[in-house]
Structure formats: structure tokens, C-alpha cells
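Any read-out appearing in this document is the output of simple, stated calculations on the displayed coordinates, not a laboratory observation. A quick note: this is a predicted structure, and the numbers were derived from the prediction, not measured. Virtual Cβ from ideal backbone geometry, glycine too; neighbours counted across all protein chains shown.
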Amino acid sequence: MSSNRVDLAKTALRWIEQEELHGYDPELFTDILSKLASLASTANREGHNLHCWMC
């Protein structure tokens, strides 16, 4: 597991500690964060912005 993936996994674990997300699979959130990070990286590299709205 790369160090970036480890950081994302740690963040995912913090997310699922929240009451609203308690009991969710941390690997699912690690994958979501990984895809979001990749999308942000691509947008940045291509000179675009990325906005994420969460309700």
C-alpha cells in the first residue's frame, strides 16, 4: 500500500467514526477518497478547478 493510500485509509477511518457513517466499510471510503484525489489531481494538472458539494 503506497503512503498516499495509507493516508487516505487513515482519513477514511476518521470519517466512519462519525455518527452518520458509523458501520460503513472503511475500504469503500478509501476507494472514494482515492478516486476524488485522482480527479482533483487531473483537474489541477489540466488547469481546471474541482468543486465538491456534499449534503
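Here are a few things to note about the model shown:
- Length released on extending from Q18 to N4, taking residue separation times 0.36 nm less the Cα-Cα span: 2.8 nm
- In terms of its C-alpha gyration tensor, the chain comes out oblate, because a/c is 1.5 or above while a/b does not outweigh b/c.
- Paramagnetic reach from N44 (point 7 Å along Cα→Cβ, amide N under 16 Å) across segment 7-22: 7-8
- Computed magnitude of the charge dipole of segment 3-45 (debye, nearest 20; Cβ of K, R +1, Cβ of D, E -1): 340 debye
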